[in-house]
There are 2 protein chains.
Amino acid sequence: MARKPDPGTRDRILDAACRLFDERGVRAVGMQQIIDAGGCGKNLLYREFPSKDELVVAWLERCSQGWPQLLEEAERRAPGDPAEQLATVIGLAVEGISGPGFRGCALRNAHAEFPDPEHPAHRFVVEHYGQRRADLCALAERAGADDPEALADRLSLILDGASANGAILGPTGAAPTATAFARAVIASATEA
Amino acid sequence: MARKPDPGTRDRILDAACRLFDERGVRAVGMQQIIDAGGCGKNLLYREFPSKDELVVAWLERCSQGWPQLLEEAERRAPGDPAEQLATVIGLAVEGISGPGFRGCALRNAHAEFPDPEHPAHRFVVEHYGQRRADLCALAERAGADDPEALADRLSLILDGASANGAILGPTGAAPTATAFARAVIASATEA
DNA sequence: GTCTATACTAGGATAGAC
DNA sequence: GTCTATCCTAGTATAGAC
């Protein structure tokens with residue numbers, strides 16, 4: 001009797017790929033390594049992801065989901081308080097940075113690995129950062145900021161700075177100070 | 001008659017390598033491409049740089065010289081005014097970001113490409129960022145900041161944030177706002 | 001039918017020999 | 001500057017287990 005196709009195959013492959021891409025970077029990981037780590041055959045991998053580029057984009061899509069999840073968690077922790085939500089978003093993001101093996105924002109890293117603006121991975125990252133900016137802007141506006149775009153930009157700088165600095169200098173660098181910094185900036189931008 | 005060894009050989013090779021590494025990233029560039037671009041033979045390249053890793057570190061060393069040059073230029077523009085020097089450093093750095101082909105801090109990009117903490121390129125980047133922090137700290141102290149380390153950390157976040165955000169979103173992102181942001185932070189941290 | 005495993009192509013990598 | 005050795009890459013095709 002014919003076996004049914006395993007619906008979890010795609011996720012299982014993606015799990016293995018994500019872990020390797022996160023740890024070592026994209027170019028340093030070969031398809032064979034993903035096969036070895038994921039416990040699936042080459043045939044199956046190429047059925048689910050016809051090319052490495054598509055696998056990379058699927059990985060980035062998964063990474064990018066952390067951002068809306070962050071927004072939701074902030075909403076849950078400070079319902080009806082957009083200013084506090086902004087501070088919570090930064091705080092939660094900084095928490096994720098404190099780990100010893102933190103390598104920086106995976107999307108930013110992928111962007112660095114694929115400089116070609118036409119590359120699907122590159123385009124995906126640009127689009128995600130544009131979306132993130134719009135989200136911060138909307139939240140800043142609801143928080144009653146005088147200049148929502150200006151506040152969103154400043155928080156973007158803090159966020160991206162914490163990610164980059166934390167990747168290199170770790171918890172002993174500037175990253176842990178980002179939360180208090182963001183709070184001060186938010187307070188200053190939303191005071192009557 | 002034997003030709004004299006060209007003393008500019010090393011620089012010429014390094015010029016070609018730097019341009020390629022800057023444009024495409026390290027892993028995307030092969031030694032043969034550097035040979036083709038630099039107009040030198042393979043044996044000459046490997047005489048000057050016995051391995052690709054050493055060539056990469058030489059590239060990073062050259063990149064890292066931009067930082068002390070920035071400090072010197074700021075000193076030249078605002079002699080005897082450390083607070084203004086801090087602002088100038090950020091301003092000059094942001095200027096370099098505004099170009100359309102900006103790919104982000106080369107050191108940060110290299111750090112992302114070589115996650116292994118033992119890799120010479122990785123170690124070099126960590127050391128450079130540590131040095132940068134110390135420099136900012138010293139300047140913040142001379143500027144009379146209440147908490148020089150805190151100011152240095154905040155400026156580090158703005159600097160790294162501008163670099164990362166500018167690489168992805170370019171001049172239409174948050175990077176151009178970094179200079180005014182830094183000025184506000186410096187003013188707030190150094191007022192009597 | 002579904003999957004793993006292997007062989008294979010065509011090319012590019014670092015590095016070294018000459 | 002050329003030529004070679006060794007290895008790894010993405011991707012395709014095939015063989016065979018269940």
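Miscellaneous remarks
- Of the listed requirements (1) more than 10 Å from chain B (Cβ to nearest Cβ); (2) of a type in the set (K, R); (3) buried (at least 22 other Cβ atoms within 10 Å of the Cβ), A:R108 misses just one: (1).
- A:P171 falls short on exactly one of the conditions (1) touching a residue at least 60 places away in the same chain (Cβ under 8 Å); (2) crowded, with 24+ Cβ neighbours inside 10 Å, and that condition is (2).
- Which listed residue, of B:Q65, B:Q69, B:Q85, is under 30 Å from B:A187 (Cα atoms), surrounded by 14 or more Cβ atoms within 10 Å (Cβ to Cβ) and either more than 16 Å from DNA strand D (Cβ to nearest atom) or of a type outside the set (F, W, Y) (or both): B:Q85
- Number of the exception - A:V56 against (1) within 16 Å of DNA strand C (Cβ to nearest atom); (2) out of contact with any Leu (no Cβ under 8 Å at 6 or more places or on another chain); (3) closer than 16 Å to A:R19 by Cα; (4) not polar (S, T, N, Q): (1)
- Residues in region B:24-46 that are loosely packed, with under 15 Cβ neighbours inside 10 Å and more than 8 Å from DNA strand C (Cβ to nearest atom): B:D36, B:G39.
- Condition check for A:L60: of a type outside the set (D, E, K, R), within 25 Å of A:R133 (Cβ to Cβ) and in contact with a Ser or Thr (Cβ under 9 Å, 6 or more places away or on another chain): no
- Residue satisfying condition, being aromatic (F, W, Y), surrounded by 19 or more Cβ atoms within 10 Å (Cβ to Cβ) and near DNA strand D (Cβ under 10 Å from one of its atoms), within set A:F49, A:F21: A:F49
- Selection count where residues are more than 21 Å from the chain's Cα centre (by Cα) and closer than 13 Å to A:V185 by Cβ, scope region A:135-147: 4
- Scanning region A:109-116 turns up at least one residue that is within 16 Å of DNA strand D (Cβ to nearest atom) and under 14 Å from the mean Cα position of the chain (by Cα).
- Considering the conditions (1) part of a loop (DSSP other than H, G, I, E, B); (2) touching a residue at least 60 places away in the same chain (Cβ under 8 Å), B:G80 is excluded by exactly one of them, (2).
- For region A:174-192, taking the residues that are more than 9 Å from chain B (Cβ to nearest Cβ) and crowded, with 18+ Cβ neighbours inside 10 Å, the one that is farthest from B:V185 (Cα to Cα) is identified as A:T179.
- Residue identified as within 16 Å of DNA strand D (Cβ to nearest atom), outside the structural domain of B:D135 (by TED's automatic domain parsing), over 19 Å from B:A178 (Cβ atoms) and in contact (Cβ under 8 Å) with a residue 12 or more places away in the chain among B:V26, B:V56: B:V26
- Residues located in region B:134-165, provided they are at the interface with chain A (Cβ under 7 Å from one of its Cβ atoms) and of a type in the set (D, E, K, R): B:D153, B:R154, B:D160
The values are calculated or read from the model by the stated rules, or taken from the named source; none is laboratory data. Because the structure is a prediction, the values reported are computed rather than measured. Note that we place each Cβ from the backbone using ideal geometry, even for glycine, and neighbour counts take in every protein chain shown.
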